[in-house]
1. Can you find, within the stretch 88-103, the residue that is farthest from P68 (Cα to Cα) among those that are surrounded by 14 or more Cβ atoms within 10 Å (Cβ to Cβ) and touching a Gly at 6+ places or on another chain (Cβ under 8 Å)?
2. Quick one: would you say L106 is part of a loop (DSSP other than H, G, I, E, B), touching a Phe, Trp or Tyr at 6+ places or on another chain (Cβ under 7 Å) and without any contact (Cβ under 8 Å) to a residue 60 or more places away in the chain?
3. Listed residues E70, E46; which is in contact with a Ser or Thr (Cβ under 9 Å, 6 or more places away or on another chain) and not small (G, A, S)?
4. Please list, ordered by first then second residue, the pairs with beta carbon atoms under 7 Å, 6 or more apart or interchain, first in the stretch 60-87 and loosely packed, with under 13 Cβ neighbours inside 10 Å, second assigned to a strand (DSSP E or B) and not polar (S, T, N, Q).
5. Would you point out the residue of the stretch 55-103, among those that are among the aliphatic types (A, V, I, L, M) and in a loop (DSSP other than H, G, I, E, B), that is nearest to E43 (Cα to Cα)?
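Laboratory data are not the source of any read-out in this text; all were calculated from the coordinates shown. Note that this is a predicted model, so its numbers are computed, not measured. As a convention, Cβ positions derive from the backbone with ideal geometry for all residues, glycine included, and neighbour counts pool all protein chains shown.
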Amino acid sequence: MAFRRQFWRWGLTLFVLISVSTAQAQTKASQRYPGPWFEVSQEVREILTRNHVLACAEAAARQSSENPGEFLLYCTRDEEIWTSWRIEPAKHRLVGPGKLLEGIPLPDGY
């Protein structure tokens, strides 16, 4: 009986921790890239081209509130499949593709 009680307490604690962690991740993403969405610059397009990124025929960006030189990109080739990228144009650094971030919806019009 005591084992069951401990098991349920442990399970409930784990559930609460996962729920809080997920909520914090959503909040963190939306705070880190608060928006608004804007059209990507020619410099960003050139970095994407140099890195042979074909999935960004259409792209929108949000600037990081923590690092003004970093941007979150949402990209699509066909307006159906979207990927996320992180880019720092001044450093010519590109990370991705990744999944869309929870808490950050697609740009308006898609």
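1. Ranking the candidates gives P89 first.
2. Spelling it out, L106 is indeed part of a loop (DSSP other than H, G, I, E, B), touching a Phe, Trp or Tyr at 6+ places or on another chain (Cβ under 7 Å) and without any contact (Cβ under 8 Å) to a residue 60 or more places away in the chain.
3. E70
4. That search, which allows pairs on different chains as well, returns G69/E88; E79/E58.
5. Step by step, filter the stretch 55-103, then rank; the result is A57.
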